[in-house]
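Some notes on the structure that comes next.
The values are calculated or read from the model by the stated rules, or taken from the named source; none is laboratory data. Predicted, not measured: the structure shown is a model, and the values here were computed from it. Here the Cβ is made from the backbone with ideal geometry for all residues, glycine too, and neighbour counts use every protein chain on show. Side chains included, ligands, DNA and RNA excluded: accessible areas come from the protein's heavy atoms. Shrake-Rupley method; radii C 1.70, N 1.55, O 1.52, S 1.80 Å.
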Amino acid sequence: MDKLILLLYFILGGYLLFYCTYFMSTLVIGSFYKTKYDQHLTNKHDNWLIIIPAYNPNSILLKVLESIYKFSPKNDYQVFVLFQNADQKIIDKSIANYTFEHDEKSFDPKLGNTYVQALKYINSSIKNKEDFTHVILLDKDNIVDENFFSILATIRANGFEYIQGKRLPLALKNGVASYDAISEELNNVTLRNYKAALNWMPELTGSAFIIKQNLFYNGIENLDLKNPGMDKNLFLEWLLNSKENIKSTYTDKALVYEEKTDDIKVLKQQRTRWFAEQYLTAFAYSKKLISRFIKTGRLEILDYTISIFRPPRSVVYLILPLFFILERIFIPQYYLFTLSTLFLCIGTVLFLIKRKLVKVFLSFIFSAPKIIISNIRSLSNIFNKKISGIFIHTERNS
């Protein structure tokens, strides 16, 4: 029995030590890296198509449209809004105040992921448009910053074909919203800034990005309706199937503002979708990722394979200190949990200081147990067959 427990300790301890070391490395590299590009170049040759899939939009959509036209790109652009389950008053106000192409459509959840269905429908609507060069995807609540389009244009002038912008909260009302904001920034540092530092493709956030037209079109065409999310599926299409090397980067200067959820129930729905997308995508693509890495030797693919199987951070932050205490009491001759905790703390403290998030972290510390328990419940739902092919919309109050 003691040997079995020790074996389990080495398996779990080795797994956590590996991922805490990896997590610390991504935090260190990502926290110090800044996107490099010539800020004096200009770009006036692009024609951008700005797409907004607007499911059940509220009054924030009007603010989104206002920001687009107020801070509009200097190059040619078009706007396309797909209204889904939309209140007629919102549609009428949008059309009355702004000029843009639009369509109205509803999708059947029985046919699979409704968000992916919406993107495929948009694809079919725009496929005959040959006058635009790049696509920008925005969410219905992404209010663009005054410099969002100008920064994208400057980076585009440096030859980048895929640029991921940064999403920031409009306000942090409570601990739940603060947690959501910190989690987003952790992803920005470890999944985007870190990869950009190594000249790899930064992972999608799901919106606020610009991509070359044919890459967007081909990626959306191949999306899986059974996948509960979108961004990881689309990212993998580009990573594994693109015939060209995509010059890409992440920038924290091209900003959009959105409301972070302050409702623990909405957070639980959101995390259920995120966990389901991550792990179901990981299992579905693991063989293809490993095979592709063996054939090409591209470290970027190996890194993504490691990344997508990472444990939920919030759960690690909860259980690792407990394991550390038990290790020091019962098996002090071993140090797997001790080293894991040390590396986790080093990376986290550096991240909070460099990103100036110490006060935000302290604002949600008392809500942390409730949030982590909610995340564990979300994690337990991911293998529910009802989740497959269902896009869980996380609606906030306007």
Residues satisfying the stated conditions in segment 122-167, i.e. of a type in the set (Ser, Thr, Tyr) and under 20 Å from residue 37 (Cα atoms): 150, 154, 162
With the structure loaded, tell me whether residue 337 is under 21 Å from residue 9 (Cα atoms), buried (at least 19 other Cβ atoms within 10 Å of the Cβ) and among the aromatic types (Phe, Trp, Tyr) or whether it fails that test. yes
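Scan segment 208-222 for residues that are closer than 17 Å to residue 113 by Cα, open to solvent by less than 10 Å² (accessible area, probe 1.4 Å) and in contact (Cβ under 8 Å) with a residue 24 or more places away in the chain and jot them down. Explain how you work it out, then say what you get.
Filtering segment 208-222 for residues closer than 17 Å to residue 113 by Cα gives 219-222.
Filter again for open to solvent by less than 10 Å² (accessible area, probe 1.4 Å), leaving 219-220.
If the condition is that a residue be closer than 17 Å to residue 113 by Cα, open to solvent by less than 10 Å² (accessible area, probe 1.4 Å) and in contact (Cβ under 8 Å) with a residue 24 or more places away in the chain, then 220 is the only one that fits.
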Please return the ranges of strands (runs of 3 or more DSSP E) entirely within segment 101-203 where 2 or more residues are open to solvent by 30 Å² or more (accessible area, probe 1.4 Å). 101-104, 162-169
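How many residues does segment 73-100 hold that are part of a loop (DSSP other than H, G, I, E, B) and surrounded by fewer than 15 Cβ atoms within 10 Å (Cβ to Cβ)? Walk me through it before giving the result.
Step one: of segment 73-100, the residues part of a loop (DSSP other than H, G, I, E, B) are 73-75, 85-87, 98-100.
If we keep only those that are surrounded by fewer than 15 Cβ atoms within 10 Å (Cβ to Cβ) too, we end up with 74, 85, 87, 99.
Selection size over segment 73-100: 4.
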Residues of segment 5-47 being open to solvent by less than 70 Å² (accessible area, probe 1.4 Å), of a type in the set (S, T, N, Q) and outside any helix (DSSP H, G or I), which ones? 35, 43, 47
Options 65, 61; residue that is assigned to a helix (DSSP H, G or I), closer than 25 Å to residue 108 by Cα, open to solvent by less than 10 Å² (accessible area, probe 1.4 Å) and not acidic (Asp, Glu): 61
